[in-house]
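Reading through the structure tokens given below for one structure.
FYI, it's all coordinate maths here, none of it is from the lab. Note that the coordinates shown come from a computational prediction; the quantities given were computed from them, not determined experimentally. Because the Cβ atoms are built from the backbone with ideal geometry, glycine has one as well, and the counts that use them run over all protein chains shown.
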Amino acid sequence: MRSRRSFGRLAAVVFTGAIVFAGCTDNGSDDGQTSGASEGSEASDGGGHGGMEHPMDGGPAPEGMVPAEDPEFPVGTEVTLTADHMEGMEGATATISGAFDTTTYSVSFTPTDGGDPVTDHKWVVHEELENPGDAPLAEGTEVVITADHMTGMEGAEATIDSATEETVYMVDYEADGMMMTNHKWVVESEIEPA
């Protein structure tokens, strides 16, 4: 009798563990979060980042970036994001962690890891391109990306879709319960006062 109760308890624990484990696995749905050691957040399809994984800490700005002298939103300012590059971004409250004067590009590329092509990815800055020459680059220019904002981006061959001279910002914000720090990039027209 005692072994039946022990077996019953063991079965209940195994069954409960299986349910919990199943809830933690990737079932192919894009719920805006990823599990595992990468600690990233997946982008929505709406901003040209479809299903691409972003690190939770974007790290410092690339070398050679020039801080904006008089940005509309100085470092430390709390703002509201209007961009929808990633799930949970649009309408999120964010804090400016960097403001820079440079040329910022929307690009299309095929990830180096064999992922699906990415179109109209917003954004990479001039300093994140391999030997780019003088800014701004014309629409249609072929470039190589040196940024690693997401899996398969670094080293990818890309095409410039558009360029802007707006002040570009790094931001810290929370999305789907995860804190993103030094997220790269949002441009001034994608930010509103909080």
Three semi-axes of the equivalent ellipsoid, region 116-186, Cα gyration tensor, whole Å, largest first
23, 15, 11
Amide H proximity to Glu87 below 5 Å, modelled H, separation 5+ or other chain, gives Ser44
When the C-alpha atoms of region 48-194 are aligned to their principal axes, what extent does each axis show, in angstrom, from largest down?
37, 33, 22
In whole Hz and in residue order, list the ³J(HN,Hα) couplings for region 133-143 that follow from phi through the Karplus curve 6.51 cos²θ - 1.76 cosθ + 1.60, θ = phi - 60°; x for Gly and Pro.
x, 7, 8, x, 7, 6, 4, x, 5, 8, 9
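Order of 155-164, 138-147 by packing, highest average Cβ count within 10 Å first? Please list the in-between numbers first.
Values: 155-164: 17.2, 138-147: 15.0.
Most protected by this proxy first, the peptides run 155-164, 138-147.
Mind ordering 92-101, 69-78 by average Cβ neighbours within 10 Å, highest first?
Taking the mean over residues of other Cβ atoms within 10 Å, the ranking is 92-101, 69-78.
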For Thr146, other-chain or 5+-apart residues with amide H closer than 5 Å (H placed, Pro excluded) are Leu129, Glu130, Gly155
